[in-house]
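S.K.: Take a look at this one; I'll ask things after.
The values are calculated or read from the model by the stated rules, or taken from the named source; none is laboratory data. Owing to the predicted nature of the structure, the values given are computational and were not obtained by experimental measurement. Here the Cβ positions follow ideal geometry from the backbone for every residue, glycine too, while neighbour counts run over all protein chains shown.
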Amino acid sequence: MRADRTTYATGDASVSTGMIDSRAPAGGHRAEPVPGEPLLTVEDLRVQFTRGGRRINAVNGLSYEMVPGRLMAIIGESGSGKSVSSRALMGLLPGTATITGSIRLDGRELIGLDEKELRKLRGGDIAMVFQDPARSLNPTMKIGAQITEAVRAHADLDKKGAQDRAVELLRLVRLPAPERRFHEYPHQLSGGMRQRVMIAIALAGEPRLLIADEATTALDVTTQAQIMELLVELRERLGMAVIMISHDLGLAASYAEDVVVMYAGRAVEHAPVQTLFSNVRMPYTRALLGAIPALEREPHSMLPVTPGQPPDMSALPRGCPFRPRCPNATDKCLEHPPFLEHEPDHWYACWHPAGTELDTAPAVTAAAAPATAAAHHSTAHDQGAAQ
């Protein structure tokens, strides 16, 4: 098979991406886009685990759509179901999981695919970058060999061609001295460099959807900003969609275009990022916004704290899962709230949203979003790709 190559300017050099003919990648058939369909459609996704006789409802009716080329953040605290939902997209959940609902990629249903079909999907149409590259990379293999292995799994190239492509991928993710790094082991690289290697491996199959699951959590703030800048740059160049899984709403404010806020396995608010910050509706989302450090806060002031704990996913409260912690809760909240459209593309699940007469919590300024974004972008550009 002949590889069709496209050259992009990276600022310091031109990078040939070595794009393989996506119509027939090695290992199987790539789904063709369906006119008028979003790239990804998730409808009423539910994931349940059975452990020790208990049923754990990890994801409870999650729905959203992704169009090509967008960057969407799925935000929530630990246990909210955000990472479980992303692994459901990849078919990476254990056999103890029961999955219902619908996940469609270009109109093709993914739930129910056998393992052979899922292997073709992973790393091809959909790829994932995990939180800890030190655990994802093989410490006994040089990074060049690991990227080459990923390239050959998805492209009909000989060993030399795959190695050349691996170096190109290292250059594409802005790893300094890619030819030298190709021959190094993971322990010889910094955390930020290892995460760039993981992104290069994820790009080996030229995915149309890249999932970054807490991909910057283990990194320092400067390196975190550099990795996010890289993902934004790659999304724009390669035209792929990106789902960013994170607990950091400030990070989403800086880099995402759309935000889904999850709580107790459910989407509680979904909106374009600027709309979310300027007109938040769900009290839980407002609590997350209030916890973002901002320059406008009084010196030595305490960040607001939401009382209580996230619910037990095996014994969810009746009605709205945030009810036991919500300052606006009434008996009406014992009923399950519908997902309402407040304005175009802005959805929320709450009986007593922010700004209504029953709203008792203080307003939260949205000033934290621009301040956080400016800090991330300034730091990333000042430091470059050295990390």
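S.K.: Just to be sure, is A252 in contact with a helix residue (DSSP H, G or I) (Cβ under 7 Å, 6 or more places away or on another chain) and either buried (at least 24 other Cβ atoms within 10 Å of the Cβ) or in a loop (DSSP other than H, G, I, E, B) (or both)? So that I can check it myself, show each step before the final result.
M.R.: On the way: in contact with a helix residue (DSSP H, G or I) (Cβ under 7 Å, 6 or more places away or on another chain): yes; either buried (at least 24 other Cβ atoms within 10 Å of the Cβ) or in a loop (DSSP other than H, G, I, E, B) (or both): yes.
Answer is yes for this residue.
S.K.: Moving on. Spot the failing condition for L219; the list is (1) among the hydrophobic types (A, V, I, L, M, F, W, C); (2) part of a helix (DSSP H, G or I); (3) surrounded by fewer than 22 Cβ atoms within 10 Å (Cβ to Cβ), and only one is missed.
M.R.: Condition (2) is where L219 drops out.
S.K.: For the range 255-281: of the residues being assigned to a loop (DSSP other than H, G, I, E, B) and either among the acidic types (D, E) or within 16 Å of the chain's Cα centre (by Cα) (or both), which is nearest to T223 (Cα to Cα)? Walk me through how you get there before you give the answer.
M.R.: First, pick out the residues of the range 255-281 that are assigned to a loop (DSSP other than H, G, I, E, B): 256-257, 264-265, 279-281.
Filter once more, so that each one left must be either among the acidic types (D, E) or within 16 Å of the chain's Cα centre (by Cα) (or both): 256-257, 265.
Values: A256: 17, E257: 21, G265: 30 Å.
Once the filter is applied, the top-ranked residue is A256.
S.K.: Kindly check whether there is at least one residue in the range 269-278 that is modelled with pLDDT of 95 or more, charged (D, E, K, R) and on the phi < 0 side of the Ramachandran plot.
M.R.: Yes - at least one qualifying residue is present in the range 269-278.
S.K.: Pick from R180, R237: which is out of contact with any Lys or Arg (no Cβ under 9 Å at 6 or more places or on another chain), at pLDDT below 95, among the basic types (K, R) and not in a loop (DSSP other than H, G, I, E, B)?
M.R.: R237
S.K.: Could you check the range 285-322 and list, in sequence order, the residues that are in contact with a Lys or Arg (Cβ under 8 Å, 6 or more places away or on another chain), surrounded by 17 or more Cβ atoms within 10 Å (Cβ to Cβ) and either hydroxyl-bearing (S, T, Y) or farther than 19 Å from Y263 by Cβ (or both)?
M.R.: T306
S.K.: From L170, L157, which residue is at pLDDT 95 or above and either touching a helix residue (DSSP H, G or I) at 6+ places or on another chain (Cβ under 7 Å) or part of a helix (DSSP H, G or I) (or both)? First the steps, then the outcome.
M.R.: Values: L157 fails: at pLDDT 95 or above.
Just a single option satisfies the conditions, and that option is L170.
S.K.: Same structure again: I need every pair where a residue in the range 83-110 that is within 14 Å of T41 (Cα to Cα) has its Cβ under 6 Å from the Cβ of a residue that is part of a strand (DSSP E or B) and of a type in the set (S, T, N, Q), sequence separation at least 6 or different chains.
M.R.: If the second residue must be part of a strand (DSSP E or B) and of a type in the set (S, T, N, Q), the pairs left are R104/T41.
S.K.: Check M198 against each of (1) part of a helix (DSSP H, G or I); (2) out of contact with any Asp or Glu (no Cβ under 9 Å at 6 or more places or on another chain); (3) farther than 14 Å from L230 by Cα and name the one condition it does not meet.
M.R.: Tallying (1) part of a helix (DSSP H, G or I); (2) out of contact with any Asp or Glu (no Cβ under 9 Å at 6 or more places or on another chain); (3) farther than 14 Å from L230 by Cα, M198 fails exactly one: (3).
S.K.: Looking only at residues that are basic (K, R) and not in a loop (DSSP other than H, G, I, E, B) in the range 133-154, which one is surrounded by the most Cβ atoms within 10 Å (Cβ to Cβ)? Please lay out each step first, then the result.
M.R.: Taking the range 133-154 first, the residues basic (K, R) are 135, 142, 152.
With the extra rule that they be not in a loop (DSSP other than H, G, I, E, B), the set shrinks to 135, 152.
Numbers: R135: 9, R152: 20.
That would be R152.
S.K.: Only one of these is surrounded by fewer than 20 Cβ atoms within 10 Å (Cβ to Cβ) and of a type outside the set (V, I, T): S80, S102. Name it. Break it down into steps so the answer makes sense when it comes.
M.R.: Working: S80 fails: surrounded by fewer than 20 Cβ atoms within 10 Å (Cβ to Cβ).
After ruling out the rest, the residue left standing is S102.
S.K.: In the range 68-96, what count of residues is obtained for those that are among the acidic types (D, E) and not in a loop (DSSP other than H, G, I, E, B)? Spell out how you get there, then give the answer.
M.R.: Applying the first criterion (among the acidic types (D, E)) to the range 68-96 yields 77.
So of that shortlist, the ones also not in a loop (DSSP other than H, G, I, E, B) come out as none.
So the answer is 0.
S.K.: Can you tell me how many residues in the range 323-343 are in contact (Cβ under 8 Å) with a residue 40 or more places away in the chain and either surrounded by fewer than 16 Cβ atoms within 10 Å (Cβ to Cβ) or in a loop (DSSP other than H, G, I, E, B) (or both)?
M.R.: Summing the residues that are in contact (Cβ under 8 Å) with a residue 40 or more places away in the chain and either surrounded by fewer than 16 Cβ atoms within 10 Å (Cβ to Cβ) or in a loop (DSSP other than H, G, I, E, B) (or both) in the range 323-343 gives 5.
S.K.: Can you find even one residue in the range 114-121 that is more than 22 Å from L45 (Cβ to Cβ) and without any contact (Cβ under 8 Å) to a residue 24 or more places away in the chain? Give the steps one after another, and end with the answer.
M.R.: Within the range 114-121, the subset more than 22 Å from L45 (Cβ to Cβ) is 116.
After this cut, where a residue has to be without any contact (Cβ under 8 Å) to a residue 24 or more places away in the chain as well, the list is 116.
Yes, the range 114-121 contains a residue that is more than 22 Å from L45 (Cβ to Cβ) and without any contact (Cβ under 8 Å) to a residue 24 or more places away in the chain.
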